[in-house]
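The values are calculated or read from the model by the stated rules, or taken from the named source; none is laboratory data. Remember, predicted model here, so these are calculated numbers, not experimental data. No Cβ is skipped: glycine too gets one built from the backbone with ideal geometry, and neighbour counts run over all protein chains shown. With ligands, DNA and RNA removed, areas are computed over all heavy atoms of the protein, side chains included. Shrake-Rupley method; radii C 1.70, N 1.55, O 1.52, S 1.80 Å.
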Amino acid sequence: MNQSLNEQTTMMRQSFPFDLLSDEQFQRIADRTVKSSFEENEFLFREDEEEIEIHFLISGLAKNILHREDGKDISVRFYYPGDLIGVMILLAGGSMNFSVKALEACDTIKIRREVLLELMGENETFSEVILSNIGDRMKSLYDEIKKERSAGDRENIGLFRTRVNAIMERPLTCRRELALDEAADLLASHHAAGLIVTNRRGQIEGVLTQQRVIRGLLHGARSEEVARWMDDQPVTIQEDAFSYEVLTFFKDDYVDIVPVMRGETPAGMLTAESFLQLQDSHYLQLSYTLQHAKTIRDAASVSPNHHRSFIEFTEALLEERTHPTEVAEFISSYNDQIHRRMIQLCLQQMKKEGYGSPPVEFCFIVMGSQGRKEQAFSSDQDNGLILDNYKHLDNWREVEDYFHRFAAKVNLSLVEAGFPECPGGIMARERRWCREIDEWKREVFRWVKESDAEEVRDFTIFIDYRPVYGDFNLAETLRDAITERIRKAGLLHAYLMKDTIRFRVPVNTFGRLTLKGKHKTIDLKKSALMQIVNGVRIFAIRYGIKEPGTAARLDQLEKMEVFHPRDVKNARLAMDVLLYHRLRRNIFQLKHDKPLSNELSPMELEKEDRRQLKEALIIAKRMQQMSELSFQRSKGI
């Protein structure tokens, strides 16, 4: 739309709520307005800009993007011609964590916020409309955040696998004969939430909380014995219980202190604050340190391979019989946090070096085992960037240069954090793994038609992608666009099948291990785990399943009655066994400063472990055979 500023201000004058202003009031706005134009995917403003003005949208379509702390960007609302953009910033003092992007070419009138605030002070009706508009948008924002949170939040694995004795505090005890004012002094000197009251034999008789002490003192009972004011039927927990078993008392029963018992005597005590130190800094403290890291070196220092506490915590999860697939998911989720923090720090570096904020929206994706959330400790980088379309912009070369510089920084920071470079170059800094979304679609469609053996291996890594930072909608849009085309790609399926049987599971027809080499070892990843992963992936692609994780794909295949429930159960069991040994092997290597590898010597295992490993390998071989036979049937072979 090619309109003069006068024509545009006339349109604005006739629009609600500007028609509520007097001619003199509106003229004060018009005198300070500026016409602005934005191309598709350009930002009207970013969340980190110091001075953000209000825009009146004349033509085009724009959207509001909320930037969440977990790195995910979500769209909260759209703006249409006649809408005011940026009004929530009037109440937030300019510090709102969102941006606004043009979805198509947009023309706006930029209004000075101080003029708008001045007129709101003069015109009560105009002010009420603006404030009502802000209130409605704030409610919409809250509802969207609440919906996203409920959809994405996951249970804390550590909470369900951590014993009480790992987070309890030293017990603070007193005798029942102690005077109430002396108990108050004891609480104050130790900054404690309460006391455990014991008898002469050290057995518990009750608990005395701050509230009970205050109540007694208000009643003038300073010299009375604590036995008079204590709770003589306290909630207690044994020291070998899991943390989640006691948390509900604090959450639902409003208990202030829970004695931790070793048989009949108190060994420690728990308060609500105890859970802030879950696993005595083994995980939550690491996570806290990571989120507050100021430099790449600080963030790298708490990466899994560099921090013994994380290794010990992971080992504890395995010892507590946590499913190894859950432990792998836990490791992958923590690695996601490292990726997000590194990306944030690299974005800060780009600004300090004068490159500014990202010129268009982007989504950083992880692929391979991290994309499936099936990582152990021996994983290199597999990542890429999906950019919003930018080739139509006049400054498209600058956009390209920005993201290649940025991606190189991210890849380098991840190397520092213990994630080796991908030997095959599958990293965001490489041109072929950093594309605008339309180019990604064309490349995937080309893979469908023209893939060779090498590209098929790249495709198997790519198709397991998952977004970890930025505009997740870009990743979801790409997935929607390619799923059906891939589902029908018979030639690609043939290459995938050929790639899957490159590595045969080392089990012969009679179910015996066929180990080769001097040390008689097996590569747990290439010769076992990947046979299950690859087989499930082929079926998932054929049936249009979009989930990247093997467990989620198995669930969908069972629901669609493609897989028998028994086969799904067996596949899950085999993955747990194989991941257990892979994680155990990695932990041993890290503890003894040995190079990380997936090689395992079955002969070194205990008899029962060796039996379970053999059964898992037989299941992996069956999955490989199922995939091969199914493909042959579908092709009429």
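Miscellaneous remarks
- Farthest towards the positive end of the charge dipole of segment 486-609, among the residues Gly511, Gln589, Gly544, is the Cα of Gly544, using unit charges on the Cβ of Lys, Arg, Asp and Glu.
- Over the chain: helical MRE at 222 nm, DSSP H runs n ≥ 4 each giving -39500 (n - 2.57), nearest 500: -15000 deg cm²/dmol
- Gyration tensor verdict on segment 162-274 (Cα atoms; rounded if a/c is under 1.5, prolate if a/b is larger than b/c, oblate otherwise): prolate
- List Met560, Met626, ordered by accessible area with a 1.4 Å probe, largest first: Met560, Met626
- For segment 496-562, carbon and sulfur atoms together expose 51% of the accessible surface, with a 1.4 angstrom probe and every protein chain in place.
- Accessible surface calculations at 1.4 Å, restricted to protein heavy atoms, place segment 397-508 at 41 Å² per residue.
- Segment 430-552 - charge dipole about Cα centre, Lys and Arg +1 at Cβ, Asp and Glu -1, debye rounded to 20: 820
- The accessible area of Leu66, taken with all protein chains in place and a 1.4 Å probe, comes to roughly 20 Å².
- Dipole in debye (nearest 20) - the chain, about Cα centre, beta carbon charges: Lys, Arg +1; Asp, Glu -1: 3600
- Burial order of peptide ranges 348-354, 465-471 (average beta-carbon count within 10 Å, highest first): 465-471, 348-354
- Selection from Leu195, Val258, Leu617 lying farthest towards where the dipole of the chain points positive, charges on Cβ: Leu617
- Sorting 209-218, 329-338 by their mean Cβ neighbour count within 10 Å, with the most densely packed peptide first, gives 329-338, 209-218.
- Net charge over other residues, Cβ less than 12 angstrom from the Cβ of Phe445 (K, R count +1; D, E count -1): +1
- Sum of side-chain charges, Gln14 neighbourhood, beta-carbon under 13 Å (Lys, Arg +1; Asp, Glu -1): -2
- Rolling a 1.4 angstrom probe over the protein heavy atoms with all chains in place gives segment 537-608 an accessible area of 51 Å² per residue.
- Cα centroid separation, segment 506-528 to segment 412-438 (Å): 32
- Overall, the accessible surface of segment 376-446 at a probe of 1.4 angstrom is composed of carbon and sulfur to the extent of 47 percent.
- Summing charges over all other residues whose Cβ lies under 12 Å from the Cβ of Ala489, with Lys and Arg as +1 and Asp and Glu as -1, gives +4.
- Beta bridges per DSSP with both ends in segment 164-237, % antiparallel, nearest 5: 70
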